[in-house]
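Step one of this worksheet: look at the structure below.
Each reported figure results from applying straightforward, stated rules to the coordinates on display, with no laboratory input. Keep in mind that this is a model prediction, so the values were computed, not measured. A quick note on method: Cβ atoms are made from the backbone with ideal geometry, for glycine too, and the neighbour counts reach across all protein chains shown.
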Amino acid sequence: MNKPIIEIKNIKKKYNISHQRGGYVALRDVFTNILKNPFRFAKQKAKQVAGIGTKEEFWALNGVDIKINKGDIIGVIGHNGAGKSTLLKILTGITPPTEGEITMRGRIASLLEVGTGFHPELTGRENIFLNGAILGMTKKEIVRKFDKIVAFSGVEKFLDTPVKYYSSGMYVRLAFSVAAHMESDILLVDEVLAVGDADFQKKCLGKMEEVTQAEGRTILLVSHNMGAIQRLCKKTVLLNKGKVVFYGDTKEAIECYLDNEDAVSSNSKLFPAVAKDVIINDFSIHQDGTRTNYIDNDKPFEVTIDFETLRDLELFRVGFFVRNAIGDTLTRSLAADWNPNAENIKKGYHQARFVFPAKLLMPGDYFFVLHSSCYGVADYFGYNIHKVITVSRPTEYNMAHINEPPSSNPSMILLKDKWEIKNLNK
């Protein structure tokens with residue numbers, strides 16, 4: 001039986017966080033403290049000079065055990081601070097573990113942060129050789145694959161431009177292209193799909209599928225993009241507070257993650273959420289039949305509210321508000337807006353479902369805030385229940401607009417423009 005290509009045994013990573021106490025003290029208070037107890041004052045000052053303060057232990061990883069076989073694509077998911085990036089940094093040798101043992105059987109390539117291994121003053125061409133050398137590629141190997149690297153990255157026009165002038169999307173395209181074309185056994189990728197346009201994200205997904213199927217490469221992929229995780233990974237690791245809370249079937253891992261996401265995004269209020277007349281059993285967003293918080297803008301998605309009314313209600317409202325990252329309300333939709341019969345609802349269990357059209361929202365993060373009330377009588381949940389979603393860039397969107405500053409396009413609604421420009425010159 002073949003041994004796992006990656007074995008992670010009881011890995012722990014501890015950081016000591018110092019909390020130095022201090023601040024402004026009036027001169028009269030200094031003299032008072034000296035006169036009251038000169039020995040205690042001298043002892044305190046000695047501690048300050050020695051840099052002694054209160055310290056807190058923070059375990060970024062705490063007892064992680066994972067075995068990965070050759071040719072597997074394994075997803076790693078979890079909330080911010082769960083330990084995902086720390087795990088990859090330990091696997092690449094950037095930081096050592098505090099405890100535990102790691103066995104890696106093969107050549108490793110990694111893409112952890114945008115621009116890692118790039119020198120800002122060097123051109124894209126020069127950085128291909130620099131980054132390739134850092135990853136362990138020989139010059140002969142880089143020369144042999146140079147044209148493929150450049151073609152995949154799509155930065156041909158800027159190849160002799162210093163990368164300090166590159167956008168974050170150009171950075172990550174070039175960096176991913178170098179790492180993906182390295183003849184490695186293991187590829188470690190951290191949030192490469194968070195930067196760049198939707199078209200490049202699809203190229204990345206296709207390339208990762210290709211190298212595992214054709215070359216038998218093993219990939220460890222950290223991402224908040226649940227669609228990408230579900231497409232690529234048969235098995236997924238779910239981390240929470242430095243511990244593995246699930247390792248197995250990707251669909252189950254995502255469901256577990258999103259259940260926990262509901263608790264966080266609802267101000268730690270677990271469903272069911274109970275009010276005087278209404279119980280919310282679930283408030284969720286689905287695309288392609290899968291519960292998700294990452295929306296492919298090329299497709300419609302559904303907002304679903306499962307609720308129970310404890311008595312017959314009149315003038316009932318149920319629906320949602322859409323808000324941007326700074327809290328501005330962009331729109332709202334209530335079931336009774338277009339259906340007067342939805343105002344009068346009987347006691348019992350119900351499901352309200354709204355289909356959100358494709359290509360309506362600009363790329364970015366949005367809050368979908370649940371609303372449930374009886375008009376003029378009661379607002380049942382206020383703004384306490386919400387979902388946070390990330391909307392991707394449509395593939396048809398003009399890629400030349402990617403690098404424009406946000407101030408040049410502050411809108412949140414994406415109009416599917418049907419512009420017509422006529423040449424009026426005779």
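Can you compute 3J(HN,Hα) from phi for each residue in region 329-337, using the Karplus curve 6.51 cos²θ - 1.76 cosθ + 1.60 with θ = phi - 60°, rounded to whole Hz and x for Gly and Pro?
7, 8, 6, 9, 8, 10, 4, 7, 4
Based on Cβ point charges of +1 for Lys and Arg and -1 for Asp and Glu, what charge dipole magnitude is obtained for region 266-391 about its Cα centre, in debye rounded to the nearest 20?
Rounded to the nearest 20 debye, it is 120 debye.
What ranking do Trp59, Trp419 get, fewest neighbouring Cβ atoms within 10 angstrom at the top?
Sorted ascending by nearby Cβ count, the order is Trp419, Trp59.
Which pairs in the list Lys14/Lys148; Lys70/Lys241; Lys251/Lys299 are over 31 Å apart, alpha-carbon to alpha-carbon?
Lys14/Lys148
In the structure displayed, which of Lys12/Lys84; Lys9/Lys207; Lys89/Lys387; Lys89/Lys164 lie more than 21 Å apart, Cα to Cα?
Among Lys12/Lys84; Lys9/Lys207; Lys89/Lys387; Lys89/Lys164, the Cα-Cα distance tops 21 Å for Lys9/Lys207; Lys89/Lys387; Lys89/Lys164.
With only Lys, Arg, Asp and Glu charged, each at its Cβ (+1 for the first two, -1 for the last two), find how big the charge dipole of region 59-254 is about the Cα centre; round to the nearest 20 debye. Intermediate results must be reported in sequence, preceding the final value.
On the way: 25 positive and 22 negative charges, 42 e Å.
Result for region 59-254 is approximately 200 debye, rounded to the nearest 20.
Give the order of Thr292, Thr123 when sorted by the count of other beta carbons within 10 angstrom, beginning with the fewest.
Thr123, Thr292
Using the Karplus curve 6.51 cos²θ - 1.76 cosθ + 1.60 with θ = phi - 60°, what ³J(HN,Hα) values do you get for each residue of region 137-151, in whole Hz, with x for Gly and Pro?
Values per residue, Gly and Pro as x: 7, 7, 4, 4, 5, 5, 4, 5, 9, 4, 4, 5, 4, 5, 4 Hz.
Taking neighbour Cβ counts within 10 Å as the exposure measure, how do Ser284, Ser372 sort from fewest upward?
Placing the least packed residue first, the sequence is Ser284, Ser372.
Search the structure for amide H atoms under 5 Å from the amide H of Asn240, placed 1.01 Å from N in the peptide plane, and list their residues when 5 or more places away or on another chain.
Val245
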